[in-house]
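Structure record follows, encoded as structure tokens.
The values are calculated or read from the model by the stated rules, or taken from the named source; none is laboratory data. All values derive from a computational prediction rather than experimental measurement. Here the Cβ is made from the backbone with ideal geometry for all residues, glycine too, and neighbour counts use every protein chain on show.
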Amino acid sequence: MRELDIQMSVNERPVKQRIGVNTLLRDFLREDLELTGTKGACDDGMCGSCSVHLDGEVVKSCLVLAADANGRSVRTIEGLADSDDVLHPVQQALLDEFGFQCGFCTPGMAMTMVYLLESGFQPDQESARESLVGNICRCTGYDRIADAMILAASTMGENNA
């Protein structure tokens, strides 16, 4: 297998690694860096459980080669809490609203929600549900996830006021 050297920032930490040219970003994060919050379920970008931020944009890491992240910045679910381990408002809202059941989809949901809310999205119940269409939850009816997104938007708005 052909290999190459890559370097990137992952959760604001520099990473240098030799990888196979066909290594998926999801697999690099999970297997090489042991950041197992990024999940793998569908392998074709349909479920969203592997969503991460790449240079500030939300991407499905099962559709991105690790080599394509060379020289770029990656943020995973593990990178949301601050240095004092205070949860990001989205993470806290998911806990407060019990916006999860099995938790498998939760990291990808959270990463999508963070991206949208940091972009200024102000959801109501309907728009919150619609905005998460690329993330599949097999356990919930999405109501509590949408409630968590609305709560997080409110909390983030208060923090920025």
So is Asn135 closer than 21 Å to Asp44 by Cα and polar (S, T, N, Q) or not? yes
Taking region 53-112 and keeping only residues that are closer than 15 Å to Gly40 by Cβ, touching a Phe, Trp or Tyr at 6+ places or on another chain (Cβ under 6 Å) and not hydroxyl-bearing (Ser, Thr, Tyr), one is left with Ala66
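Each row is one residue, and each column tells you yes or no for (1) over 16 Å from the mean Cα position of the chain (by Cα); (2) surrounded by 14 or more Cβ atoms within 10 Å (Cβ to Cβ); (3) within 28 Å of Arg138 (Cβ to Cβ); (4) assigned by TED's automatic domain parsing to the domain that holds Ser119.
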| residue | (1), (2), (3), (4) |
| --- | --- |
| Lys16 | yes, no, no, no |
| Asp27 | no, yes, yes, no |
| Glu34 | no, no, yes, no |
| Asp44 | yes, no, yes, no |
| Asp68 | yes, yes, no, no |
Among the residues that make up region 104-115, is at least one of them modelled with pLDDT of 95 or more and surrounded by fewer than 20 Cβ atoms within 10 Å (Cβ to Cβ)? no
State the number of residues belonging to region 35-86 that are touching a Cys at 6+ places or on another chain (Cβ under 8 Å), closer than 24 Å to Lys16 by Cβ, in contact (Cβ under 8 Å) with a residue 60 or more places away in the chain and of a type in the set (Gly, Ala, Ser). 0
Kindly evaluate Leu151 against the criterion of being modelled with pLDDT of 95 or more and assigned to a loop (DSSP other than H, G, I, E, B). no
So which residues in region 123-138 are outside any helix (DSSP H, G or I) and either surrounded by 13 or more Cβ atoms within 10 Å (Cβ to Cβ) or assigned by TED's automatic domain parsing to the domain that holds Cys42 (or both), if there are any at all? Pro123, Leu132, Gly134, Asn135, Ile136, Cys137
